[in-house]
Structure formats: structure tokens, C-alpha cells
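The values are calculated or read from the model by the stated rules, or taken from the named source; none is laboratory data. If you're wondering where the values come from, they're calculated on a predicted model, not measured in any experiment. With ideal geometry, Cβ positions are generated from the backbone for all residues, glycine too; neighbour counts draw on all protein chains shown. Heavy atoms of the whole protein, side chains included, go into the accessibility calculation; ligands, DNA and RNA do not. Shrake-Rupley method; radii C 1.70, N 1.55, O 1.52, S 1.80 Å.
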Amino acid sequence: TQSAGARAVIGIPWSGNLGLTFYQVWSGEQFNVAANYDQAQVFGADVNIPFSRNLGIAGSWTQCNTLARNGVSVGDIDFDNQQWDARVMAALGRLGMGAGYKSIGHNFAAAGAWDKIGRWTNPTNVKGPYANFSYPVMSNVKLILNGEWLQVKDPTVNTGNSRLTKDDVIAKAEGGLRWGISRINALDLGYEWIKYNPESAATEATETYLTIGLAHQFGNAGLKVGYQFINYIGGNNPGFAYGSEVYRGGLGVVQFGVSF
């Protein structure tokens, strides 16, 4: 795969910035099972305006066109392929807050990572509001909370959750606590809860994740150790929320890095 593109950042009033981006990707191998598509064009704009130290707005819009391979009699995917996100950031004393609204088309497929809802990486065909909060409980302890309340946009397409239909709600709540135990040691605790709430008679599905991590810094090297407890309850609706299984498991991670 190869890519080429350009980005420009322009100053605007209120000390803001307007960003413009374009890039194109070519693939030596077609990127779907039917081998019909081998290129993508992505272009968009983003704006960030900090009115003051305590108030600001930001937003982004992106479109991704998936292009048909030469000689294949299929059309380019250039519909329902946009994403937009608008948000307001504010601070009250030490409390940081943000609220916004996002909409992602079911054909949006730009490279990158725009969201993660449990097992669902880069969700599409969803829309809804979100909010986040951060507060330094003490000088060495910081609490972060965020949540999303998303709905399915188009019930006629597969969103990755084959049983989701229009107006089905996906609720996500997440919290994290970082404790700087000392200059070289830090402890992270995180919890994520996701609930799929179908409008139909199907049973609700939930996912929960509890994460514990420890970071240690020695000289120019760092070590991180983490473990995540995972729990899925899929109910009795086959195919919904990545399957109807009930699953409990865990994931351990060790990371080592050196800076030069």
C-alpha cells in the first residue's frame, strides 16, 4: 500500500486554526473480498477556536471515496461516506468538560482510529451525542469520565452488528483514574461499560472491561504492565453485538520502551 497527500493549516480569527487535508491511498491488493476496489480518496476540514482559556469549540468533517479497480464494472462508493463531529470544550476551575455530537456514514472508511466501543473499532452507521469530564482530585491523581449515546442511522445496511436496526441505542460509559504514586511509578485504573439496547424484542447485550496498569520509569527507559478483565453478555439474540455468547476472559500486556 502507498499513499500521498497534503495538509494546510490556516490561522482564523479568535486565535483559531482551520485545517484542510487530502490524501489518496493505492493498494497492491484489493481491499474487499470481491476484489472490486483498490483505491481511496480522503479529504476533509477541521477547525479549532479557543475563545479563551475556559471556552473553545472544535469540529471536523471528512469524506472518504472508495474507488473501483480499473476494468471492474462497479461504481465508486461515494455516498453515505461522510463523518462530522462538532464539540464544545469548557473549564470551571479545575473541572474540564466537553460535549459534542457525531455522525458517521455506513460507508465511511478513512484510515485511522476515530472511536472504539468495546470490541467495535471505528463504528459506522451511527450518530449521537457524547460528553467527557476530567478533574484532578489531587496533585498526583486525575479522574476522567466520558460517555456516548449513539443510535443506528440506517437499518438497511450491515453496521458490523447484524441485528441492529434504526433507533437502536448503544450506550457507552467509561471512567479512568491515574495515580502518580511517585516520580517514577504510576497506577492506572479503567472501567468501560457498553449496552446495546434494541427497539425489537431481542434481549439487551452488554460488554464490560476492567483494566489495571502499572508504569515504571527508570532512566530513559519505561516499563508498562497491564491486565484487562473482559465480560460479554450477549443475551439470546444470535448475531447481535458480535454474537450471542456469554464470555469471560482476560488480556495481559507488557510494554517496554527506550528513548534516545
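Estimated at 0.36 nm per residue, the fully extended path between residue 173 and residue 82 surpasses their Cα-Cα distance by 30.2 nm.
Note on residue 258 and residue 218: the extension gain reaches 13.4 nm, defined as 0.36 nm multiplied by sequence separation minus the Cα-Cα distance.
Partner lysines whose Cα lies under 28 Å from the Cα of residue 195, excluding those fewer than 8 positions away in the same chain, are identified as 102, 116, 127, 142, 153, 166, 172. Quick one: grab the alpha carbon gyration tensor of the range 5-84, order the square roots of its eigenvalues as a ≥ b ≥ c, and give me rounded if a/c is under 1.5, else prolate or oblate depending on whether a/b is larger than b/c. Prolate, since a/c reaches 1.5 and a/b exceeds b/c. Averaging the sequence gap over all C-alpha pairs within less than 8 Å and six or more residues apart, then dividing by the number of residues, gives the chain a relative contact order of 9 percent. Placing pseudo-labels 7 Å out from each Cα toward the beta carbon at residue 53 and residue 26 gives an inter-label distance of 5.1 nm. Taking amide H positions as modeled 1.01 Å from N, with prolines and chain starts lacking one, the residues under 5 Å from residue 37 and 5 or more places away or on another chain are 31, 32, 69. A Förster distance of 25 Å, applied to the separation of the beta-carbon atoms of residue 141 and residue 101, puts the FRET efficiency at 0.20. Ranked by the mean number of other Cβ atoms within 10 Å of their residues, highest first, the peptides 207-215, 130-138 come out as 207-215, 130-138. Coupling constants for the range 185-194 follow from the phi torsions by the Karplus curve (6.51 cos²θ - 1.76 cosθ + 1.60, θ = phi - 60°), and in residue order they are 10, 9, 10, 10, 10, x, 9, 10, 10, 10 Hz; glycine and proline get x. DSSP beta bridges confined to the chain are antiparallel in about 100 percent of cases.
Applying both filters, DSSP loop and at most 15 other Cβ atoms within 10 Å, to the chymotrypsin sites (Phe, Trp or Tyr not before Pro) of the range 36-123 gives 79. Among [x] 111, 42, 40; [y] 62, 53, 38; [z] 75, 60, 31, which one is Cα extents along the principal axes in Å computed from these coordinates? Matching entry in [x] 111, 42, 40; [y] 62, 53, 38; [z] 75, 60, 31: [y]. Quick one: grab the alpha carbon gyration tensor of the range 63-141, order the square roots of its eigenvalues as a ≥ b ≥ c, and give me rounded if a/c is under 1.5, else prolate or oblate depending on whether a/b is larger than b/c. Judged from the Cα gyration tensor, the range 63-141 comes out prolate (a/c at least 1.5, a/b above b/c).
Evaluated with a Cβ-only charge set (Lys, Arg +1; Asp, Glu -1), the chain carries a dipole of roughly 920 debye about its Cα centre, given to the nearest 20. Since only 155, 2, 217 are under comparison, the one whose Cα sits farthest along the positive direction of the charge dipole of the chain, derived from C-beta charges on Lys, Arg, Asp and Glu, is 217.
In this simple spin-label model, placing a label point 7 Å from the Cα along the Cα-to-Cβ direction at both residue 72 and residue 134 gives a separation of 4.2 nm. Placing unit charges on the Cβ atoms of the charged side chains and taking the dipole of the chain about its Cα centre, the candidate lying farthest along the positive direction among 179, 39, 99 is 179.
With all protein chains in place and a 1.4 Å probe, the accessible surface of the chain carries 59 percent carbon and sulfur.
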